[in-house]
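Inspection log for the structure reproduced underneath, given as C-alpha cells.
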Amino acid sequence: MSNSNIIEETEPQETPEEISSRLIKEICQPLMLENEKLQQIKEAFLIDLQMGLCKYSHGKSMSKCWLTFVQELPGGCENGTFLALDWSGGINFRFVAIYLKCKKDFHMDSKIYEIPGKLLNGPGVDVFDFIAESLSAFVKTFQVIAADDESLPMAVNFEFQVKQSSINKAELVAWDNGINCPDVVGRDVLQMLREAIERRGEIKLQMLILVRQPIGTLMNGAWHDQNCKISLNVGAASSCKACYVEKVTNMSIYHNPKGNTIPTMLICCEWGSLGDNGKLEFLQSRYDKEIDAKSQNPNAKLLEKLLNLENLGELLRLLLMDCLQAELLCKGNISEQLRQEGSFKTEYMFLIATQPPQNHDITREIFEKLGYKNPTDFDCEQMYFICNTILRRSAYLVAAIIACLIERVGDPYTVVAIDGPLSHLHEIYNCLIAAKLSQLVRPEHKFRLMLSEDGSGRGAALTSAVINSKCQAEMLKMKLVSRSSTRKSNNGGAKRNTENLF
C-alpha cells in the first residue's frame, strides 16, 4: 500500500482556553461530590443518629441529639393567645404574641428589647427581673389578653447551652455572647424567669416551657401542612441543626413515663460536627483545611464549615487565587483587593450564579470591585463555573442530611421545613437541594421542601399552643375520670389518683 493511501490520524490540538478550562476543572475537582460520596455522608449521619439516641453511646455521637419532650405537632385547630420569649443568645431578646383561631385567623405582635450593659456581668436575678419588667411592658403595649381572661401560656427559645430534663426544666451550663452572670450557671433558668414574673405580680403564666429554634421551625411548617415531619436550620455559623419526628421505641435515652401512649417525640440534633472523628475527611479540600486552621475552633464542626455563609466566599477566593497563580484567568494578574482575606463576599457568588449563563454583566461588575477592569468572556464563564461548583457542594451536603432524615421518618410523603439565610435569600440553593434529593432518597419516599420563617419566635409560640392544648385535653380527661371515680366510690368502688401533667 502506498504512503499516499495512508491517512494519519492526529489528536486535535487544544486551544489555550480549552487547556485553561480543563485545568480549572481539575482544581475544582475536590469540591465535586458524586452520589457515592453523598451516600456515605447519609449513612454516617444515620449511624450517628442511632448512637445519639442510645443511652450507652449517646456521648460518643458526633451529631448531638437532644430530647425535646414535645410529642405532638399542631393539629390546625389551636385557639387562643400565646406568648414566646425569643432569647437566641446575646444581649437582645424579643417577645412575641400570637393570636390563633384555627387556621382562619392568625395575628402576631413582637418587640425587641436590649439588656442594659450594667446587668450583663452582675447577679442573674437582675437580668431576669429586667426580662419580667419588659414582659409587663410588652403585654400592656399590645394589650395581650388570654382568650379566657386568665393565665397565658409562654414558650422560651433559649439558645444558650442548657441541660434540659423536661419540657419546663432547663439548667444553664454556660453563658456566651457577652453575658456572664456566674450565679445562674447550674440553676434552672425557667424557674428563675417564673420567679421574676411572680415577683412583679402583674402577669399570670399558665405554663412556661423551653423550645429550641429547630422545634419552632418544624412547628411552623406543621401548622401549614401536617405532613411536615422534619425541619432544618442552615446557613449561618453554628446553625446546622435539625428536628424530626422519632419513634419513642427507637430511643433508650428517654424513659417513657407510665401511662404515656404517644408513640413519637421530636428530636433535635446538631449535625455540623458530623465527621469530626475523621470518618468524613475525604470531604475536606486543602482550601477547607486552610479555612479550618484559621478558624476560632480548628478541627471542630468540620461539616458546618463546608457550607455556612461565612466560609463560602473565602473558599472561592482561595480557589480563585490558585487559578490566577497558574495564569488560567485574567492573564495571571492578582489584584490587591483579592489578596485580602474575606474580600470575596458570599453574596457575589449568588449574584453570579443566578444570572443567565450568556449574560456576564453582573460578573464584570464584581470583577471590577475586585480590581479587574476588562475581564474576558472566558474569565466570566469560568467564574460562573467556579461559583456554581461551590454552591452545589454546599447544597448537596444539606441534601444528604435531609435524605437521611426522610428515610428515618419513613413516611410515604414528607414535607421538610427549611429556615436560615441560605434558603431564604437564595432560591437557587433550594432548587439544588431538591434536585439532589430526588437522586438520594429511595423512590418509595416522596417529599417537598417548604420555607419556614421565625421558628425562634412564632414557632416557639405555636409550640406553647400545642402543649397548652395537650394540657387542656389532659385536664378534661382527668376531670371525667375523677367524676367517674367519684360515682364508683359512692357505689363502693376505689378512687383513682391523678397526677399533674408536669
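The values are calculated or read from the model by the stated rules, or taken from the named source; none is laboratory data. Predicted, not measured: the structure shown is a model, and the values here were computed from it. Neighbour counts are summed over all protein chains in view; Cβ atoms, including those assigned to glycine, are modelled from backbone coordinates with ideal geometry. Just so you know, the surface numbers come from the protein's heavy atoms only, side chains and all, with ligands and any DNA or RNA stripped out. Shrake-Rupley method; radii C 1.70, N 1.55, O 1.52, S 1.80 Å.
Which one of Ser165, Ser110 is assigned to a strand (DSSP E or B), closer than 26 Å to Lys470 by Cα and without any contact (Cβ under 8 Å) to a residue 12 or more places away in the chain?
Ser165
On the basis of being open to solvent by 40 Å² or more (accessible area, probe 1.4 Å), of a type in the set (Gly, Ala, Ser) and not in a strand (DSSP E or B), does Gly75 make the cut?
Judged against the criteria, Gly75 is a match.
Go through the stretch 178-237 and report how many residues are modelled with pLDDT of 90 or more, in a strand (DSSP E or B) and touching an Asp or Glu at 6+ places or on another chain (Cβ under 8 Å).
4
Any chance you could count how many residues in the stretch 252-287 are open to solvent by less than 10 Å² (accessible area, probe 1.4 Å) and farther than 19 Å from Asn311 by Cα?
Residues in the stretch 252-287 being open to solvent by less than 10 Å² (accessible area, probe 1.4 Å) and farther than 19 Å from Asn311 by Cα: 5 in total.
With the checklist (1) of a type outside the set (Ser, Thr, Tyr); (2) open to solvent by less than 10 Å² (accessible area, probe 1.4 Å); (3) closer than 23 Å to Gly455 by Cα in hand, flag the one item Asn177 doesn't pass.
Going through (1) of a type outside the set (Ser, Thr, Tyr); (2) open to solvent by less than 10 Å² (accessible area, probe 1.4 Å); (3) closer than 23 Å to Gly455 by Cα one by one, Asn177 breaks only (2).
Are any residues in the stretch 387-402 basic (Lys, Arg) and open to solvent by 20 Å² or more (accessible area, probe 1.4 Å), and if so, which ones?
Arg392
Can you find a residue that is among the polar types (S, T, N, Q), modelled with pLDDT of 95 or more, outside any loop (DSSP other than H, G, I, E, B) and in contact with an Asp or Glu (Cβ under 9 Å, 6 or more places away or on another chain) anywhere in the stretch 255-269?
Scanning the stretch 255-269 turns up at least one residue that is among the polar types (S, T, N, Q), modelled with pLDDT of 95 or more, outside any loop (DSSP other than H, G, I, E, B) and in contact with an Asp or Glu (Cβ under 9 Å, 6 or more places away or on another chain).
When only residues in the stretch 293-344 that are of a type in the set (Asp, Glu) and within 34 Å of the chain's Cα centre (by Cα) count, which is surrounded by the most Cβ atoms within 10 Å (Cβ to Cβ)? I'd like the intermediate steps shown before the answer.
Residues of the stretch 293-344 that are of a type in the set (Asp, Glu), as a first pass: 304, 310, 314, 322, 327, 336, 341.
Of the ones still in play, those that are also within 34 Å of the chain's Cα centre (by Cα) are 304, 310, 314, 322, 341.
Working: Glu304: 26, Glu310: 15, Glu314: 19, Asp322: 15, Glu341: 10.
The qualifying residue surrounded by the most Cβ atoms within 10 Å (Cβ to Cβ) is Glu304.
Is it the case, given these coordinates, that Tyr396 is at pLDDT below 95 and under 30 Å from Leu328 (Cα atoms)?
In short, no.
Can you tell me which residue among Tyr384, Tyr429, Tyr413 is open to solvent by 20 Å² or more (accessible area, probe 1.4 Å) and within 27 Å of Asp322 (Cβ to Cβ)?
That would be Tyr384, the only listed residue that is open to solvent by 20 Å² or more (accessible area, probe 1.4 Å) and within 27 Å of Asp322 (Cβ to Cβ).
Would you check if there is a residue in the stretch 150-171 being closer than 16 Å to Leu83 by Cβ, surrounded by fewer than 19 Cβ atoms within 10 Å (Cβ to Cβ) and at pLDDT below 95?
Yes: the stretch 150-171 contains one or more residues that are closer than 16 Å to Leu83 by Cβ, surrounded by fewer than 19 Cβ atoms within 10 Å (Cβ to Cβ) and at pLDDT below 95.
Looking only at the stretch 304-319, count how many residues are touching a helix residue (DSSP H, G or I) at 6+ places or on another chain (Cβ under 7 Å) and assigned to a helix (DSSP H, G or I).
Residues that pass the stated criteria total 11.
Consider only pairs whose beta carbons are under 6 Å apart and that are at least six residues apart or on different chains; among these, list those whose first residue lies in the stretch 1-30 and is open to solvent by less than 100 Å² (accessible area, probe 1.4 Å) and whose second residue is of a type in the set (Ser, Thr, Tyr) and modelled with pLDDT of 50 or more.
Qualifying pairs under 6 Å: Cys28/Thr389; Pro30/Ser285.
Might you check whether a residue that is under 25 Å from Ile19 (Cα atoms), open to solvent by 20 Å² or more (accessible area, probe 1.4 Å), among the aromatic types (Phe, Trp, Tyr) and in a helix (DSSP H, G or I) occurs anywhere in the stretch 365-380?
Within the stretch 365-380 (the criterion being under 25 Å from Ile19 (Cα atoms), open to solvent by 20 Å² or more (accessible area, probe 1.4 Å), among the aromatic types (Phe, Trp, Tyr) and in a helix (DSSP H, G or I)), the answer is yes, since at least one residue qualifies.
Taking into account only those residues within the stretch 98-126 that are closer than 19 Å to Leu83 by Cα and β-branched (Val, Ile, Thr), which is most open to solvent (accessible area, probe 1.4 Å)?
Ile112
Those residues that are more than 17 Å from Leu190 (Cα to Cα) and assigned to a strand (DSSP E or B), I need them from the stretch 85-95; list them, please.
Asn92
For the list (1) surrounded by 18 or more Cβ atoms within 10 Å (Cβ to Cβ); (2) free of Cβ contacts under 8 Å to residues at least 60 places away in the same chain, I need the number of the one condition that Lys247 fails.
(1)
How many residues, within the stretch 118-137, are in contact (Cβ under 8 Å) with a residue 40 or more places away in the chain and over 19 Å from Phe95 (Cβ atoms)?
Of the residues in the stretch 118-137, 6 are in contact (Cβ under 8 Å) with a residue 40 or more places away in the chain and over 19 Å from Phe95 (Cβ atoms).
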